[in-house]
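The values are calculated or read from the model by the stated rules, or taken from the named source; none is laboratory data. Computed from a predicted structure; not experimentally measured. Cβ sites come from the backbone with ideal geometry, for glycine too, and all protein chains shown count toward neighbours. Ligands, DNA and RNA are excluded from the accessible area calculation, which covers all protein heavy atoms including side chains. Shrake-Rupley method; radii C 1.70, N 1.55, O 1.52, S 1.80 Å.
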Amino acid sequence: MNTEPKIIGFLCNWCSYRGADGAGMARLKYPPNVKIIRVPCSGRISPELVLRTFREGADGVMVLGCHIGDCHYSTGNHRTAKRMPVLKKLLEYSGIEPQRLYVNWVSAAEGEKFANIIHEFTEQIRALPPFRETMESRTPIEIKPAEKEAVWTSA
Amino acid sequence: MKKKNENQAEVQERIGVYVCHCGSNIAGVVDVSEVARWAAQLPGVVVSRDYKFMCSSPGQAMIIKDIQEQGLTRVVVASCSPHLHEGTFRGACERAGLNPYLFEMANIREQDAWVTSDKTEATKKAKALVAAAVGRVAHQQPLEALLVPIDPNVLVVGGGIAGIQAALEIADSGNHVYLVEREPSIGGHMAQFDKTFPTLDCAACILTPKMVSAGNHKNITLLTWSEVEKVDGYVGNFTVTLRKRARFVDESLCTGCGVCQEKCPKKVIDEVFEAGLGYRKAIYRPFPQAVPNYPVIDKNNCIFFEKGTCKACEKFCPTGAIKFDQQDEILTIEVGNIILATGYDLFDARKVSNYGYGRLANVFTSLEFERLSNAAGPTGGNIVLRDGKTVPKSVAIVHCVGSRDKNYNNYCSAICCMQSLKFAHLVKEKTGATVYNFYIDIRTPGKGYDEFYQRLIEEGTLFVRGKVAEITDVAREPGEEGKLIVQVEDTLVGKQRRIPVDMVILSAGLQARADAKEVAQKFGISCSADQWFIEKHPKLDPVATMTDGVFIAGACQGPKDIPASVAQGAAAAARVLSIIGQQQIQIEAATAIVDEETCVGCQQCIASCPYQAIIYLEDKGKAYVQEALCKGCGTCVGTCLPKCISLKHFTDDQLVAEMVGAMRTMKEFELIPMEAAA
C-alpha cells in the first residue's frame, strides 16, 4: 500500500526553527508531511530519540541545527555533526536505509533553504518503501557461533 | 464547546486546547473549528475552543477564566510561532495561577497555514501538531525560573552616532557605560560627512557636541582603539574581555596639544577618515575634533618602529607622554547588558568595474565626495577634480551603485537617494556646475525628504531615469574628448544617451561590516543572508536580539540614515534601562539535572558541555550541574549513554510524547492513501 511519508523533524530553537518560521513568513509552500519538534539545540537530540521515532513508524527523521560556528550554544552542534553520521552507520547496519535520517544546517535567515530541504527530503522518502515494509523485509544478521563466542569472551 | 472526556482514565491532567484563527491567517487555510472539535477527544482534554485572536485580551481572558473555573492543569494554544507569543500565553497562565511551564504551543501558522496550499492537508497537519502539543503538555512539569541580579553597567560597542546616543541616554540615567570604539576617535561615519540631509546642517556641528558629552560624561568610560575579544555569561551578568591596543601615548599625560603630529616626519595616506584623499602623520588623531583628542602611533608606518630611530614625537612632546614601550592591555569588565552599534561598510565601488572607479581618476565615491565637500577636508571644502585644482563644469551622480542589483546586493541601501540629492545641491551651490542624477527610482520617504527632492528639481538639477551601463573616457563623438562619458538608457525617453561630464560621483550602497559574522558569533547573535544583524522581531522588537541582554542599534541591523540610527540608539538604551530597572531578571528555568542514583560518573557530559557548567563531585563520584551557568542546550543529555542526565522542559518523556502525538495522528489519517483519496 502506498502511503504518504510520515516525517518528524527535530529542529533547534535558534536557527532552524526560526528558519522554518521564516519559510512561513515568506509564504513558501512545502509538503505537509514533516511535523516539527522544537529542541533547544540539535545537540539535545540523542540517538535513542531518533531510533524511538523510527520505532513509532516514522518514514524519515530530520535533524536540523545551526551552521557550524553559529550555534547559539557555541559548540552544541559539533556534537550533532559527530553523532549523526555514526547513527546513520548504525541504521545501515541494522538494515534501515540511512537516507531515512537527514542531517543539515539551516540558519534563521534560510527560510528558502528550509522549504527546499523539505521538498527534497519528502521526495527522497517517497522513493523508499514505507518504513514498516523495510522492517518486515529485513534479513536478520547472522551471527556465527564462533564470532558470538569471541564477543562474549572479550566482554 | 465544553465536552467531557471519555479517556480521562489515561491522563490525569485537565487540559485546555485553544485554536486561534489569527483573523484569516490561520482560519483561511485550516478548518479551525474542526481542529478544536477533534482535539476535544484527545486524552486529557476537557476544554477545546477556537477563537479569532487568542493573543488579544479577550482571548487571554478566556484561558484565564477556564483555568480558574474548569480547573485546567495544562494549556495548549495552537496559533503562531512560540517565538512570537509563547511569552504572552505563559504570562496569561501565570496570572491565572498556573505555572507557565505547564503551557505548550502548537505552531499552526508559520509552520502550517502559511506553508501548506491544500486546505484538507493543512487541517490534518494542524491536528497532528495539536495532538503533539497535547501529548507533550501532559508530561510537562512546573518549573521555577531562577532570579539573578542585574549588573547595572552597560557595554556599548561602536562609537558612531547610534552608539553615542545609546551611551548618553544610559549614562544620563545614572548608570555606567563602557563605550568601546575600534578607531582612535568616536564619531563614526557621521564625523566624515559634510552636510546632513534634508536640513543641510553640518554634520560636525551637530555631532561634535554629542561626542564631547560622551567623552566628558562622568558615567561613560571611553575605550577607543579597543576591541572586544570575548564575551562570557548571560543577561545581567556578562564578563567581557577587551583588548585596548597600545596607543604608544600615555593618556594620563597627553594634553592633546598636537605638537607630535606637527613634528612627525612621516606622511601617510589616510585611507580611513579622509577616504584616501588626504594625508595624516604616523602619529595622528583622525580629525581635530577627535574625542578623545590624544593621538595614536600607527605602528606599521612609524619610522621608529620600522628602523629603530627617529623618536621626533618623543623629543618634542612637552609632557613626556610618548611611550614606545606601551603594550596592548587586556581588560575584563562586568556588564549586565550589551548594545551593538557597529555600523556599516561602504560598498566597494571597484567591484562595478564598468563604472571605472580606481581606474578613471575623476570617478569618486560618495565618501570621497563628503571629504571633498567638507570644509575641514583635504581641499578645504573646494569641489575639485583629482588634480586638486580644476573645478568641474558638469557632474554626474550615479545612484544605486552596488544596491538593488542582483550582481551585488539586492536590497535598497535606503540613504543613497537622499545622499545623492544632497551632493547635487552642494555641487550646484559651490561650483554652479550642471548636475545629472542617474537613478532607477527616487526614494524619498521621510520627514521633509520629498520636499528636498522638489527643491532640487526647482534648483535645476537634471534627473535621468536609467541605470548607468558604463562610464568611459573613450571619446566617440565631438565634445567628448577629455571627458568622462556616461552611457545610459534614458528609460523615460526610451533611447540610449551618452552624456559627457567632468566628474562622476558613485553613490555607493551600504553593506554589513566585513567582520559582522565574526562579531555576531562573539556576542551569540545571528546575521541575515546579507550579514546584517538579525533583530528579535522585524516590526515589534527591532533593537532586541534572540540573545537576552544583547541589543542592536543603527546600521549594523540594516541600512539606515542618521535620524533612524539615533532613534534606534535611544530605543536600545530604553530597552536596557527597563531591564536595569527590574534589578533582577529571570533566567531560563529549563536547565539540565543529573539523576544521582543512576549517574555512573563517566564524565562524558562534562566534556560535552559548551559552558563548563557541569562539575564532577569527587566525593560522590557523580556529575553535578551548576544551574546558574547552564544555558539549557541539552547537549549533555544527547551525550549521556545511561540516560541519567535530563533537561528540564525538554525531557525524553516530553519529546517522545510530542513525537508520538504527531505520529499517531499521522497514522490515523494515513488510512486513506493519497492516490485513493484523489
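Which parts of region A:64-104 would a label at A:Asn116 reach, counting a residue when its backbone N lies under 19 Å from a point 7 Å out along Cα-to-Cβ?
A:64-68, A:102-104
Pulled fully out, how much extra length does the chain show between B:Arg359 and B:Lys495, if you take 0.36 nm times their separation in residues and subtract their Cα-Cα distance? Mind dumping the intermediate values first?
Values: separation 136, 0.36 × 136 = 48.96 nm, distance 2.75 nm.
Residue separation times 0.36 nm, minus the Cα-Cα distance, leaves 46.2 nm.
Which residues among region B:45-88 fall inside the zone where the amide N is under 13 Å from a point 7 Å beyond the Cα of B:Gln586, along Cα→Cβ?
Under cut-off, by backbone N: B:86-88.
For the protein assembly as shown, what is the percent of antiparallel DSSP beta bridges, rounded to the nearest 5? Mind showing how you got there, number by number?
Working: 53 of 118 bridges.
Around 45 percent of the beta bridges assigned by DSSP in the protein assembly as shown are antiparallel ones.
Mind grabbing the accessible area of B:Tyr616 for me, 1.4 Å probe, Å², rounded to tens?
About 70 Å², rounded to the nearest 10.
Can you pull out the trypsin sites (Lys or Arg not before Pro) in region A:40-128 whose DSSP state is coil and whose Cβ has at most 14 other Cβ atoms within 10 Å?
Values: sites: A:Arg44, A:Arg52, A:Arg55, A:Arg79, A:Lys82, A:Arg83, A:Lys88, A:Lys89, A:Arg100, A:Lys113, A:Arg126; in loops: none.
The qualifying sites: there are none.
Could you pull out every one of the lysines with an alpha carbon less than 16 Å from that of B:Lys307, ignoring same-chain neighbours closer than 8 positions?
B:Lys266, B:Lys267, B:Lys299
Could you give the accessible area per residue of region B:568-628, probe 1.4 Å, as a whole number in Å²? Let's see the in-between values first.
Working: 3180 Å² over 61 residues.
Value returned for region B:568-628: 52 Å² of accessible area per residue.
Exceeding 24 Å between C-alpha atoms, which entries from my cross-link table qualify? They are A:Lys113/B:Lys406; B:Lys389/B:Lys467; B:Lys230/B:Lys406; B:Lys351/B:Lys483; A:Lys113/B:Lys536.
Details: A:Lys113/B:Lys406 18 Å; B:Lys389/B:Lys467 30 Å; B:Lys230/B:Lys406 36 Å; B:Lys351/B:Lys483 22 Å; A:Lys113/B:Lys536 20 Å.
Flagged as over cut-off: B:Lys389/B:Lys467; B:Lys230/B:Lys406.
Provide the buried accessible surface between chains A and B in square angstrom, both chains summed, 1.4 Å probe, rounded to the nearest 100. Write out the running numbers ahead of the final one.
Numbers: alone 9380 and 30500 Å², together 35130 Å².
The contact between B and A buries close to 4800 Å².
Assuming 0.36 nm per residue, please report the length gained on full extension of the stretch B:Thr239 to B:Asp118 beyond their Cα-Cα distance.
Numbers: separation 121, 0.36 × 121 = 43.56 nm, distance 5.06 nm.
That pair, B:Thr239 and B:Asp118, stretches by 38.5 nm at full extension.
What does the accessible area per residue of region B:444-491 come to in Å², with a 1.4 Å probe and no ligands, DNA or RNA counted?
Values: 2740 Å² over 48 residues.
That works out to 57 Å² for each residue.
With the cut-off at 1.5 for a/c, could you classify region B:1-110 from its C-alpha gyration tensor as rounded, prolate or oblate?
Numbers: a/c = 1.75, a/b = 1.17, b/c = 1.49.
Verdict is oblate for region B:1-110.
What is the mean number of Cβ atoms from other protein chains located within 10 Å of the Cβ atom of each residue in peptide B:606-618, rounded to a whole number?
That works out to 2 on average.
Within region B:43-152, report the trypsin sites (Lys or Arg not before Pro) that DSSP leaves as loop and that have at most 15 other Cβ atoms within 10 Å.
Details: sites: B:Arg49, B:Lys52, B:Lys65, B:Arg74, B:Arg90, B:Arg95, B:Arg109, B:Lys119, B:Lys124, B:Lys125, B:Lys127, B:Arg136; in loops: B:Lys52.
Sites meeting the loop and neighbour criteria: B:Lys52.
Rounded to whole Hz and in sequence order, give me ³J(HN,Hα) for region B:541-549 from the Karplus expression 6.51 cos²θ - 1.76 cosθ + 1.60, θ = phi - 60°, writing x for Gly and Pro.
In residue order, the calculated couplings are 9, x, 10, 8, 10, 5, 9, 4, x Hz.
Average partner chain C-beta neighbours within 10 Å, per residue of B:513-525?
Working: counts 0, 0, 0, 0, 2, 1, 0, 1, 4, 0, 0, 6, 4.
The shielding value for this peptide is 1.
Based on the alpha-carbon gyration tensor of region B:345-511 and its eigenvalue square roots a ≥ b ≥ c, which shape applies: rounded if a/c is under 1.5, prolate if not and a/b is larger than b/c, or oblate? Show your work: numbers first, answer last.
Numbers: a/c = 1.21, a/b = 1.05, b/c = 1.15.
Taking the square roots of the gyration eigenvalues as a ≥ b ≥ c, region B:345-511 is rounded.
Determine the gain in length on full extension of the stretch B:Gln68-B:Asn410; use 0.36 nm per residue of separation and subtract their C-alpha separation, reporting nm with one decimal. Present the calculation step by step, with values, prior to reporting the outcome.
Values: separation 342, 0.36 × 342 = 123.12 nm, distance 5.24 nm.
Value of the extension gain: 117.9 nm.
Once both labels are modelled 7 Å past Cα along the beta-carbon direction, what's the B:Asp619-B:Lys447 spacing in nm?
Distance between the two pseudo-spin positions: 6.5 nm.
Hey, rough spin-label estimate for B:Glu627 and B:Ser24, points 7 angstrom out along Cα→Cβ, what's it come to in nanometres?
Label at B:Glu627, label at B:Ser24, 4.9 nm between them.
What percentage of the solvent-accessible surface of the protein assembly as shown, computed with a 1.4 Å probe over protein heavy atoms, is contributed by carbon and sulfur atoms? Write out the running numbers ahead of the final one.
Details: 18240 of 35130 Å².
Roughly 52 percent of what the probe reaches on the protein assembly as shown is carbon or sulfur.
Using 7 Å Cα-to-Cβ label points, what is the B:Ser252/B:Ala574 separation (nm, one decimal)?
Each label point is offset 7 Å from its Cα along the Cβ direction, giving 4.1 nm.
For the protein assembly as shown, compute Rg over Rh where Rg is the Cα radius of gyration and Rh is the Kirkwood radius from the inverse mean 1/r over Cα pairs. List each step's numbers first, then the result.
Values: Rg = 31.6 Å, Rh = 30.4 Å.
My calculation of the ratio gives 1.04.
Using every Cα-Cα pair within region A:7-153, state what percent have a distance larger than 26 Å.
Details: 3193 of 10731 pairs.
The share of Cα pairs beyond 26 Å in region A:7-153 comes to 30 percent.
At 1.4 Å probe size, what's the solvent-accessible area of B:His83? Round to the nearest 10 Å².
Estimated to the nearest 10 Å², B:His83 gives 50 Å².
Ranked by accessible surface with a 1.4 Å probe, highest first, in what order do A:Glu133, B:Glu370 come?
On the way: A:Glu133 70, B:Glu370 5 Å².
The ordering from most to least exposed comes out as A:Glu133, B:Glu370.
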